[in-house]
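I have placed the structure first, in the form of structure tokens, so that the comments after it can refer back to it.
The values are calculated or read from the model by the stated rules, or taken from the named source; none is laboratory data. Everything numeric in this text was worked out from a predicted model, so none of it was measured. Cβ sites come from the backbone with ideal geometry, for glycine too, and all protein chains shown count toward neighbours. Areas reflect the complete protein model, heavy atoms only, side chains present, ligands, DNA and RNA absent. Shrake-Rupley method; radii C 1.70, N 1.55, O 1.52, S 1.80 Å.
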Amino acid sequence: MKRLYIVLFSALSCASLQAQNKFNLLVGTYTNTCQSNGIYVYEFDASTGAFTLKNSSENVVSPSYLSVSADNKFIYAVNENGTQSAVSAFGYDSKTGKLKPINSNASLGADPCHLINDDKNVIVANYSGGSIAVFKKNADGSITEGQQLIQHEGKGPNAARQEKAHVHMVMFSPDKKFVLSNDLGLDKIFIYKYSAGAAHEILTLKGSVDVKKGSGPRHLTFSKDGKFVYLVQELDGTLTTLSYDKSGSLKIVAETSILPKGFKGGTGAAAIKISPDGAFLYVSDRVDANSISVYKILKTGSLELVEQVSTLGKGPRDFAIDPTGNYLLVGHQYTNDIIIFKRDKTTGKLTDTNKKIELCSPVGLVFTKI
């Protein structure tokens, strides 16, 4: 009998461990270049790298970036469609992967490219509109019409890309007291005080930080301890480290480049992410580079280059590290696939698994619990 209990306990433990290693991978796509339903939900096994398609949305226009509610019941998406752009809310059943459209509202600016949410608001970065729009959330997960619109003004030295403001990202500070926003057109990071419960003055400007002229700040991420911000600049491949304190103050402390020595081709730095253990930083580069740079994060917050590897496709606009840290998945906008890399947790290095998900123009990748 005792042996039977041990066998049963062992079997249950294995089943529990397998369940803990399975997640949903949500993928937002562009729908104007090839056949796509919009949002796709895959089950991903972080112990083996195996995947299966569970479900997808229907006839959703270019839901390029996604944000999942904290309770895992709703998904918010930008619909990147020029002056007809919108923001949409979906009900989300993580077990089946089923998505149910709730409602959609105008984004109040052209080409929204990034968004975040908490229990009160959905905040959107409008790239071509050069603005930030804030939408309140209703109890059923739906969003109101826009309640606040903040318009950035100005331009930068790159006449082709910085002819006006281009808001590229919004990000909560770790304590949710501030929202940081990168403006590619103005070479600035804006810091806004966040008042979640306010009716209309949800974001109020605290200040801004100038980065290198013509560099085009795109995406940023916080260190695990919240003391540093790592910013990647799209136009010239600069990687900037900034110190951050709880008063919402940013200060540049270091700058490097993700470009290999002697690199002469086109660059288009894209996504920047930190491993779940906070030990490694990853940055993708597009155009001619099509690579990921891997950095070790030292105790001082400084960065040490580990390696630069090909992403094995074209246009690595976004990538995601599964919650266990075992795998890194890279979405290629132009070769229409997601390449699955095995990740060494000790060294941070990436190895191709020869596994890939084929789908139209993947843009935004997010892991969720099942």
Inset, instruction - Rounded to whole Hz and in sequence order, give me ³J(HN,Hα) for segment 103-114 from the Karplus expression 6.51 cos²θ - 1.76 cosθ + 1.60, θ = phi - 60°, writing x for Gly and Pro. - result: 6, 8, 9, 4, 7, 6, x, 6, 6, x, 10, 6
Legend entry - Carbon/sulfur fraction of accessible area - the chain, other protein chains in place, 1.4 Å, %: 53 percent
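Which entries of K164/K193; K155/K261; K273/K342; K73/K345; K176/K369; K264/K314 have Cα-Cα distances beyond 26 Å here?
On the way: K164/K193 24 Å; K155/K261 30 Å; K273/K342 16 Å; K73/K345 30 Å; K176/K369 22 Å; K264/K314 17 Å.
Result: K155/K261; K73/K345 exceed 26 Å.
If you average the sequence gap of Cα pairs under 8 Å that are 6 or more apart and divide by the length of segment 84-167, what percent do you get for the contact order?
Details: 196 pairs, mean separation 19.7, N = 84.
The normalised contact order for segment 84-167 reaches 23 percent.
Would you mind giving the average projected area, over all directions, of the Cα convex hull of segment 276-352 in nm² with one decimal? Kindly include the intermediate steps, with their values, before the conclusion.
Values: hull surface 19.0 nm².
Reported value for the Cα convex hull: 4.7 nm².
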Legend entry - Stokes-Einstein D (µm²/s) once Rh is taken as the Kirkwood radius of segment 125-170 over alpha-carbon pairs, at 25 °C in 0.890 mPa s: 206 µm²/s
Inset, instruction - Starting from the amide H of A271, placed 1.01 Å from N in the peptide plane, find each other amide H under 5 Å away whose residue is 5 or more places distant or on another chain. - result: S284
Inset, instruction - Convert each backbone phi in segment 342-350 into a coupling constant with the Karplus relation 6.51 cos²θ - 1.76 cosθ + 1.60 (shift: θ = phi - 60°), then list the ³J(HN,Hα) values in order as whole Hz, x for Gly and Pro. - result: 7, 10, 7, 5, 7, 9, x, 6, 10
Inset, instruction - Search the structure for amide H atoms under 5 Å from the amide H of Q148, placed 1.01 Å from N in the peptide plane, and list their residues when 5 or more places away or on another chain. - result: V134
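Dipole size in debye (nearest 20) for segment 12-117 around its Cα centre, Lys and Arg Cβ +1, Asp and Glu Cβ -1? Don't skip to the end; give the middle numbers.
Working: 6 positive and 7 negative charges, 52 e Å.
The dipole of segment 12-117 has a size of about 240 debye.
Quick check on segment 13-142: what does the Kirkwood estimate of hydrodynamic radius come out to from the alpha carbon pairs, in Å?
Working: mean 1/r = 0.0655 Å⁻¹.
Hydrodynamic radius (Kirkwood, Cα only) of segment 13-142 equals 15.3 Å.
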Inset, instruction - Express the relative contact order of the chain as a whole percentage, based on alpha carbon pairs under 8 Å and six or more residues apart in sequence. - result: 12 percent
Legend entry - Highest to lowest packing among 26-34, 278-286, scored as the average C-beta count within 10 Å: 278-286, 26-34
Inset, instruction - Using the Karplus curve 6.51 cos²θ - 1.76 cosθ + 1.60 with θ = phi - 60°, work out ³J(HN,Hα) for each residue of segment 361-366 in order, rounded to whole Hz, and write x for Gly and Pro. - result: 6, x, 10, x, 10, 9
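With both bridge residues required to lie in the chain, what share of the DSSP beta bridges run antiparallel, to the nearest 5%? Walk me through the intermediate numbers first.
On the way: 122 of 122 bridges.
Around 100 percent antiparallel, to the nearest 5.
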Inset, instruction - Calculate the radius of gyration of the Cα atoms of segment 109-212 to one decimal place, then report Dmax, the largest Cα-Cα distance, as a whole number, both in Å. - result: 13.5, 45
Legend entry - Rounded to the nearest 20 debye, dipole of segment 193-233 from Cβ charges on Lys, Arg, Asp, Glu: 180 debye
Legend entry - MRE, 222 nm, helices only [DSSP H, n ≥ 4, -39500 (n - 2.57), over the chain, to nearest 500]: -2000 deg cm²/dmol
Legend entry - For segment 236-370, convex hull of alpha carbons as volume per residue, Å³: 128 Å³
Legend entry - segment 37-134: relative contact order in percent, alpha carbon pairs under 8 Å with at least 6 residues between: 21 percent
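Measuring with a 1.4 Å probe in the full set of protein chains, what accessible area per residue, in whole Å², belongs to the chain?
Working: 15980 Å² over 370 residues.
Roughly 43 Å² per residue, with all protein chains present.
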Inset, instruction - State log₁₀ I(q)/I(0) for segment 226-301 at q = 0.18, 0.21, 0.23, 0.26 Å⁻¹ as given by the Debye formula over alpha-carbon point scatterers of equal weight, solvent excluded. - result: -0.73, -0.94, -1.07, -1.25
